[in-house]
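Student: Take this structure first; my questions come after.
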Amino acid sequence: MRRAALLLILILTFFCGTFGRESAPFRTPAPTTPSRSAISPHTPKPAPPRIISEKLKQYANWIAQNDDFCGWLTIPGTVMDYPVVYGPDYDFYVENGFDKKPSVQGAVFTDYRNLPNDPGQNLILYAHHMKDGSMFGSLEKFHDLSFVRKHPVFIYDTLYGERRYQVFAVLIVPIDYRYTQVRFDTPNDFTAFTEYMRSISLFSTDFGISGTDEIITLATCWYDFKDARFIVQAVRLPDGVENIPAVYEINRNRIKDW
C-alpha cells in the first residue's frame, strides 16, 4: 500500500504539473480505502448475458484496439466524448493515449481499485486538464451554476450496460480530501461520505442519496490555490430514469474547513 501511495504521488505530480493550465508542483494523498482485494458489502447486480453480448459487439472495434477498454464517457455541452480504460496502476495512461502510444493528452482512466466488473460505490475517472479544453479540460464548465442546471446528467456506458448519472456535488478541494475512497464498510459510511461531499460543494441540490446508491467522481487539476482539485460527483440513476427533478442553487452554507 505504501508503494502504491508513493507511486500515486510521483505520477500525479507529473500529471498536473506538466499538462495543466500552468506548470505547478503537485502531490496527491494516498488512497484512503482498503486494497482492491477488499470485500465490500455493496454487491453490484450482475448484468444479463444478453446486455454483455450486445455491448461486446457494439464496442468490438475499440476492444480490438485496446483490451483495457471498459466504457465510454459522454457529457452533453462539452467536448467530453471519450473511451475510458482500466489500468492496473496510476502510471501508464498518464503518459499514453488510448492507443497505448506516448501522448501528452493521455487517456481517461479509472482508479485501479475500480474493477470493471465490481467498481465499488465510488467509481473514479481521471484525465488531464488540457489547456485546449480537451480531455477533462472542459470539466470546468461545471463551475458555472447555469451549466449545471442545463446539463446535470451525463452517461457512462460500460460493457455491463448504460449508466446515467446526475450531478450532486461540484468541489474545489485540497488534495488531502477523501474523494478517492471507492469502497465503504457500511451504507451509513457511504451516506456520511456523500453528505460531507455535499456540504463542501459549490452548489446544493434537493434530491436524496441512499446508502446503497453508486456514484461517479470525475477528477482533474485546478489552480485556484496550490495542490487544488476540481471534482464533479454524480449519483447513478435507476435504470430507465432519465433524470431526477432537482433544484440547483449556490451552496450558501458551504463548509470550507481548510
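Student: Checking a compactness column here: for the stretch 50-163, what do you get for Rg(Cα) / (2.2 N^0.38 Å), N being the number of residues?
Tutor: 1.07
Student: By counting other Cβ atoms within 10 Å of each Cβ, how are His151, His129 ranked from fewest to most?
Tutor: Lowest to highest Cβ neighbour count: His151, His129.
Student: Can you sort Lys100, Lys141 so the residue with the fewest Cβ neighbours within 10 Å comes first? It would help to have the intermediate numbers written out before the result.
Tutor: Details: Lys100 15, Lys141 19.
Listing Lys100, Lys141 from fewest to most nearby Cβ atoms yields Lys100, Lys141.
Student: Report the extension gain between Glu54 and Asp118 in nm, rounded to one decimal, defined as 0.36 nm multiplied by the number of residues separating them, less their alpha carbon distance.
Tutor: 21.1 nm
Student: Pairs Lys55/Lys101; Lys141/Lys256; Lys57/Lys101; Lys55/Lys100: which exceed 27 Å Cα-Cα?
Tutor: Listed pairs above 27 Å: none.
Student: To the nearest 0.05, how large is the calculated FRET efficiency for Lys226 and Asn61 if R₀ is 35 Å and r is the Cβ-Cβ distance?
Tutor: After rounding, the FRET efficiency stands at 0.25.
Student: Starting from the alpha-carbon convex hull of the stretch 47-250, give the projected area averaged over all orientations, in nm². Spell out each step's value before the answer.
Tutor: Values: hull surface 45.4 nm².
Approximately 11.4 nm², given one-decimal rounding.
Student: Now a separate question. May I ask you to sort Phe147, Phe168, Phe184 by Cβ crowding, counting other Cβ atoms within 10 Å and putting the fewest first?
Tutor: Listed from fewest to most nearby Cβ atoms, that is Phe147, Phe184, Phe168.
Student: Can you give the % of DSSP beta bridges in the stretch 47-250 that are antiparallel, to the nearest 5?
Tutor: 85 percent
Student: Now a separate question. For the stretch 87-104, take each phi angle, set θ = phi - 60°, evaluate the Karplus expression 6.51 cos²θ - 1.76 cosθ + 1.60, and give the result in whole Hz per residue in order, putting x for glycine and proline.
Tutor: Values, residue by residue: x, x, 8, 8, 9, 4, 7, 6, 10, 10, x, 4, 7, 6, 9, x, 8, 5 Hz.
Student: Under 5 Å between amide H atoms, partner at least 5 residues away or on a different chain: which partners does Val108 have, H built in plane at 1.01 Å?
Tutor: So Val108 has HN proximity to Val85.
Coordinate-derived values only; no laboratory data. Fair warning: this is a prediction, and the values are worked out from it, not measured in the lab. Note that each Cβ is placed from the backbone with ideal geometry, even for glycine, and that neighbours are counted across all protein chains shown.
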